[in-house]
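What follows is a single structure, written as structure tokens, with notes after it.
The values are calculated or read from the model by the stated rules, or taken from the named source; none is laboratory data. Computed from a predicted structure; not experimentally measured. All Cβ positions, glycine included, derive from the backbone under ideal geometry; neighbour counts span all protein chains shown. For accessibility, only protein heavy atoms count, side chains too; no ligands or nucleic acids. Shrake-Rupley method; radii C 1.70, N 1.55, O 1.52, S 1.80 Å.
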Amino acid sequence: MSTLAVELNDTGLIVLDESQASSTSVNPSPGFALLEGDRIVTGVSAWRRARLKPRHIYSRFWEELDTSSLTRPFPRKLTRADLIHAHLKEIWSSVKTQVDDVIFVVPGFHTEEQLGLLLGIAQSCGIPVSGMVDASVAAAGLGFPGKTLVHLDLHLHRFVATKLRQ
């Protein structure tokens, strides 16, 4: 059993356990959701089929992280939070047997309300979240005492520059 880090980025959620911390080979799960009939497909499967059904694809749910209803062609009752839930549930189902706790590495632009919603969604998926850390703080973990660092966090729909002084 181990601790799992899940970096939230709409370009691709990155899931790493302790043994992969220094790995350069990571398979992100793209922040894409596709509506196929009554079924929501997320991640790589949705991304691969995005060109086949461009009107039925949605890729802003991780950036917006709220409970707003989606517009056509999605059903009126379907929300962005539902897409986040589907994506997290898909990821969690593939790793949950080997994990004791999860730490979310989150972008600096999310509000307290959005992070609270994320925790609620994670709880409903059965994910044992033990903490959250800002992505820029996590990236600046190596020691550069007295130095000023700039962390660029690139997303699908925006980028975030964070200035840090160690």
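Figures for the structure shown
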item: Largest to smallest accessible area among Leu4, Leu119 [probe 1.4 Å]; result: Leu119, Leu4
item: Phi to ³J(HN,Hα) by Karplus 6.51 cos²θ - 1.76 cosθ + 1.60 over the range 150-161, Hz, x for Gly, Pro; result: 10, 9, 9, 10, 8, 10, 5, 10, 6, 9, 10, 10
item: Label-to-label distance, nm, for residues given as Arg48 and Gln166 (7 Å Cα→Cβ offset); result: 4.0 nm
item: Residue-normalised accessible area of the chain, expressed per residue, 1.4 Å probe, Å²; result: 58 Å²
item: Peptide ranges 73-81, 103-111 listed from the most packed, as the mean C-beta count within 10 angstrom indicates; result: 103-111, 73-81
item: In the chain, lysine pairs with alpha-carbon atoms under 26 angstrom apart (chain gap of 8 or more, or interchain); result: 4
item: Contour minus Cα-Cα distance for Glu113 and Lys77 (0.36 nm per residue); result: 10.9 nm
item: Share of carbon and sulfur in the accessible heavy-atom surface of the chain [1.4 Å probe, %]; result: 53 percent
